[in-house]
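One structure is given below, encoded as structure tokens.
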Amino acid sequence: MSATLIDGKAFAATVRGKVAEHVTRLKADHGITPGLAVVLVGEDPASEVYVAAKHKQTVEVGMASFEHKLPADVSEADLFALIDELNADPSVHGILCQFPVPDHLSERAVVARIDPAKDVDGLSVVNAGLLASGEVGLVSCTPLGCLMLLRDRLGSMSGLEAVVIGRSNLFGKPMGQLLLRESCTVTIAHSRTKDLAEVCRRADILVAAVGRAEMVKADWVKPGATVIDVGITRAPHPDKPGKSKLLGDVDFAEVSEVAAAITPVPGGVGPMTIACLLANTVTACCRANGLEEPEGLTA
Ligand code: NAP
């Protein structure tokens, strides 16, 4: 392997450390404890694992964690009543509803109900619009995490060619906007893109967020590029029968011989997502109280 490994696990620990320091200062200087409320509807086992991880890390950085578990058949009216309560609660600075929600609920309507100033997932149309207009808002956690890794690795990205594969509201579109803000020349590719390999070969920064295991091959990558692998696919483990392993969108073994730097899966982008959720909660808390925002934790 010739590429430098971008260690998202270590970088996420640094981000959590900065968040914890800021939380300590907010408590000591202003008597304010940032609070994150997580709403879980139903009993999806994977969602329960994510919510437990978020709770643990929220408490570890010194913030208040409020968990609300609702039954799978909760009505939209009851869910909205809870969100309204959290919107009005001054001890709650961030609100997140864990997705997916059961089919009778609309994710878009749930996100729209959350006060944009507390939308720490950055998924509301208000926050998406603020990002697209170059104004201050809350940025979706995974793209924010990728931006932090890229800034740390590259410093200035001005003038670089960036290609993002994937155009979801959750990731691809906000990632493209963030790279545009960094003055990259940005291409957002998707399932209809013609000659995807050729498009990717232009990229100084290649970000893959598709969910197709190992689709990005060595001959798709410009020598010396920085490659960020967001995709996660669970596949049967080749050596351990009955076990599974996580694969990214990038063929790591091949591409790490061509790229200058690359994120692994797992241990790359994944750990940055919760770290950025905590960062967004501190940012939201500072804005709500008219205080200076923490440095290095925002877009
Ligand atoms: P998504 O909503 O399913 O979007 C996937 C995107 O990939 C779509 O824009 C789709 O294009 C595009 N695509 C599908 N097949 C393609 C192909 N053959 N060639 C080029 N583009 C193709 O997924 P998402 O929510 O953005 O997530 C993408 C991946 O990132 C998933 O594996 C997800 O698990 C992972 N993820 C990881 C984290 C993390 O914390 N590490 C966070 C978020 C997402 P169309 O729009 O044309 O259909």
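Before moving on, here are some points about what is shown:
- Here Ile32 qualifies as touching a Leu at 6+ places or on another chain (Cβ under 6 Å) and over 21 Å from Cys141 (Cα atoms).
- The requirement of being among the aliphatic types (A, V, I, L, M), surrounded by fewer than 24 Cβ atoms within 10 Å (Cβ to Cβ) and in contact with a strand residue (DSSP E or B) (Cβ under 6 Å, 6 or more places away or on another chain) is fulfilled nowhere in the range 168-177; no residue meets it.
- Scanning the range 283-297 for residues that are part of a loop (DSSP other than H, G, I, E, B) and closer than 13 Å to His30 by Cα yields Asn289, Gly290, Leu291, Glu292.
- Residue under evaluation Leu149, criteria (1) open to solvent by less than 20 Å² (accessible area, probe 1.4 Å); (2) within 11 Å of the ligand (Cβ to nearest atom); (3) in contact with a Gly (Cβ under 7 Å, 6 or more places away or on another chain), criterion not met: (2)
- Members of the range 105-129 found to be without any contact (Cβ under 8 Å) to a residue 12 or more places away in the chain and aliphatic (A, V, I, L, M), listed by number: Val126
- Only one of the numbered conditions (1) at negative phi; (2) at pLDDT below 95 is not met by Ala259, and that is (2).
- Residues of the range 271-286 satisfying the condition of being hydrophobic (A, V, I, L, M, F, W, C) and more than 16 Å from the ligand (Cβ to nearest atom): Val282, Ala284, Cys285, Cys286
- Residue within the range 240-263 that is open to solvent by 70 Å² or more (accessible area, probe 1.4 Å) and closer than 19 Å to Gln57 by Cβ present: no
- Looking across the range 220-234 at every residue that is within 20 Å of Gly8 (Cβ to Cβ) and of a type in the set (Gly, Ala, Ser), the one that is farthest from the ligand (Cβ to nearest atom) is identified as Ala225.
- Hits in the range 180-219 - residues which are away from the ligand (no atom under 15 Å from the Cβ), open to solvent by less than 70 Å² (accessible area, probe 1.4 Å) and closer than 18 Å to Cys146 by Cβ: Glu182, Ser183, Cys184, Asp204, Ile205
- Entirely in the range 15-107, the strands (runs of 3 or more DSSP E) that have 1 or more residues that are open to solvent by less than 20 Å² (accessible area, probe 1.4 Å) and on the phi < 0 side of the Ramachandran plot: 35-41, 94-97
- Where strands (runs of 3 or more DSSP E) fall wholly inside the range 132-237, the ranges with 2 or more residues that are outside the structural domain of His93 (by TED's automatic domain parsing) and free of Cβ contacts under 8 Å to residues at least 24 places away in the same chain are 233-236.
The values are calculated or read from the model by the stated rules, or taken from the named source; none is laboratory data. Please read all numbers here as calculations on a predicted model, not as lab measurements. With ideal geometry, Cβ positions are generated from the backbone for all residues, glycine too; neighbour counts draw on all protein chains shown. Surface areas here come from the heavy atoms of the whole protein model, side chains and all, with no ligands, DNA or RNA. Shrake-Rupley method; radii C 1.70, N 1.55, O 1.52, S 1.80 Å.
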